[in-house]
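Below is one structure, written out as structure tokens; the observations come after it.
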């Protein structure tokens with residue numbers, strides 16, 4: 001009886017081994033039968049990877065060659081203006097000159113640091129003006145309840161023209177559109193100056 005059990009176990013073990021070996025041989029047979037297809041598939045995947053890497057490199061190179069400056073007006077008065085400028089390109093640039101234009105015949109020069117303003121690629125900076133004569137190109141702000149009546153004056157389209165340079169390229173100009181008052185505005189200092197002039201003239205005539 002014991003011998004029969006051993007024989008039975010032995011046969012069962014052999015069956016298991018044979019089954020295992022058969023299962024192991026299945027992938028091998030599949031690979032051998034379809035080795036051409038697998039080779040083509042692997043080569044295709046490798047080619048796709050190379051193309052994707054090349055496309056990424058080309059895009060990065062293209063981005064690095066781009067030159068772009070954008071901005072917006074933050075604050076504006078008859079004597080000062082501040083602009084938020086962003087270098088969206090792939091090269092550093094230096095802002096050299098800024099002017100404001102209203103229509104075809106009104107142009108105001110914004111006084112900035114003579115050294116210019118460096119804006120590195122991918123950076124944003126605030127460009128503050130020095131005291132300037134911007135009376136006819138003051139940004140219009142929509143009035144709120146309780147504000148002075150002049151804030152409801154007619155408006156005019158205006159532009160901030162930003163001249164900048166990039167190494168190895170000709171000077172460029174970026175235009176920022178904004179809305180101006182359709183009138184000449186004076187700040188308190190200008191009004192005081194005019195008032196003093198009128199007082200002196202009146203004293204001279206008396």
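Here, each number is a calculation from the coordinates, and none is a lab measurement. All values derive from a computational prediction rather than experimental measurement. Note that we place each Cβ from the backbone using ideal geometry, even for glycine, and neighbour counts take in every protein chain shown.
Tabulated values for the structure
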{"read-out": "Rough spin-label spacing in nm, given labels placed 7 Å along Cα→Cβ, for residue 120 and residue 182", "value": "4.6"}
{"read-out": "Segment residue 165-residue 80, extension gain: residue separation times 0.36 nm, minus the distance between their alpha carbons", "value": "28.3 nm"}
{"read-out": "Calculated FRET efficiency for the pair residue 193/residue 68, C-beta based, R₀ 41 Å, to 0.05", "value": "0.50"}
{"read-out": "Most to least packed among 126-136, 85-95 [average Cβ atoms within 10 Å]", "value": "85-95, 126-136"}
{"read-out": "Average projected area [Cα convex hull, region 101-148], square nanometres", "value": "5.9"}
{"read-out": "Contour excess over end-to-end distance, with Cα ends at residue 106 and residue 144 and 0.36 nm allotted per residue", "value": "10.9 nm"}
{"read-out": "Least to most buried among 164, 75, 140 (fewest other Cβ within 10 Å first)", "value": "75, 140, 164"}
{"read-out": "All-pairs Cα distance distribution in region 69-191, expressed in whole percent, bin size 5 Å", "value": "2, 11, 21, 22, 17, 12, 7, 4, 2, 0, 0"}
